[in-house]
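Taking it in order: structure first as structure tokens, then the write-up.
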Amino acid sequence: MKVFSSNNLILKLVLLFLSFIYILNINTGCPFLKEKGGNTVYTDDEKYLTDEEIKNGTEAKQKCYSLSYSEVLPKQCCYSSGKCVREDDGIQKECPNITLIPNNCGMAGVYQPLTAATCTEISLVQGYCCFVQTKTKGSSCIRTKELNKDKHSATTQINTYIEKAGSDPNDIDFVVCKGNYIKYYWLLIIILSVLFLS
């Protein structure tokens, strides 16, 4: 009996060739959905990070981190040299850190926000979302109903939240809050109601 028949050899060569094509075409980027129920796309196919964001490495990292533990990526999405990569791809990269003081607003999820915009970009109807940087526990997005005269100082509500999370309010390094239009919210509702009802 022949070990290498011509048909058997051809089949093995075709399988070897197809496996090399598969290996060369594996996406190394992080998978994500552009729309719910849509096709899975990869950050390396879609130019996920624009040139403008790459200029600011912190914004690019935050954008990569936001893809972690999604419907299509059951692990972290990390940042490496201007690209979003999966945590287990074997290259040197920066991955998100779990927040030690839980976020209760903003877009950081369970990770520490890297920029104030991650907390302050989303407006809250009843309050403000502030970026709070501590000396020993990293950063968090924390909600407060009112701001101090100095918008970049910790309010009583922020201090109370940090104490309940098991940290010391004196550990706060700096606070960034944005917005001052919330107090005019009800006035705006009344004006719009009058305009629509007239």
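The values are calculated or read from the model by the stated rules, or taken from the named source; none is laboratory data. Since we're looking at a predicted model, the values are computed, not measured. FYI the Cβ positions are ideal-geometry reconstructions off the backbone, even for glycines, and counts take in every protein chain you see.
With the structure loaded, tell me whether residue 70 is free of Cβ contacts under 8 Å to residues at least 40 places away in the same chain, hydroxyl-bearing (Ser, Thr, Tyr), assigned by TED's automatic domain parsing to the domain that holds residue 39 and under 16 Å from residue 48 (Cβ atoms) or whether it fails that test.
yes
Scan region 71-106 residue by residue and report those that are buried (at least 16 other Cβ atoms within 10 Å of the Cβ), under 14 Å from the mean Cα position of the chain (by Cα), part of a loop (DSSP other than H, G, I, E, B) and not β-branched (Val, Ile, Thr).
Those that are buried (at least 16 other Cβ atoms within 10 Å of the Cβ), under 14 Å from the mean Cα position of the chain (by Cα), part of a loop (DSSP other than H, G, I, E, B) and not β-branched (Val, Ile, Thr): 73, 76, 95, 96, 103, 105, 106.
Output the residues belonging to region 156-177 that are in a helix (DSSP H, G or I) and in contact with a helix residue (DSSP H, G or I) (Cβ under 7 Å, 6 or more places away or on another chain).
Here is the first cut: in region 156-177, the ones in a helix (DSSP H, G or I) are 156-164, 169-171.
Listed by number, the residues that qualify are 159, 162, 163, 169.
How many residues are exposed (fewer than 14 other Cβ atoms within 10 Å of the Cβ), touching a strand residue (DSSP E or B) at 6+ places or on another chain (Cβ under 8 Å) and β-branched (Val, Ile, Thr) if we restrict to region 126-166?
0
Looking at (1) modelled with pLDDT of 90 or more; (2) not in a loop (DSSP other than H, G, I, E, B), can you tell me which one residue 59 breaks?
It fails just one condition, (1).
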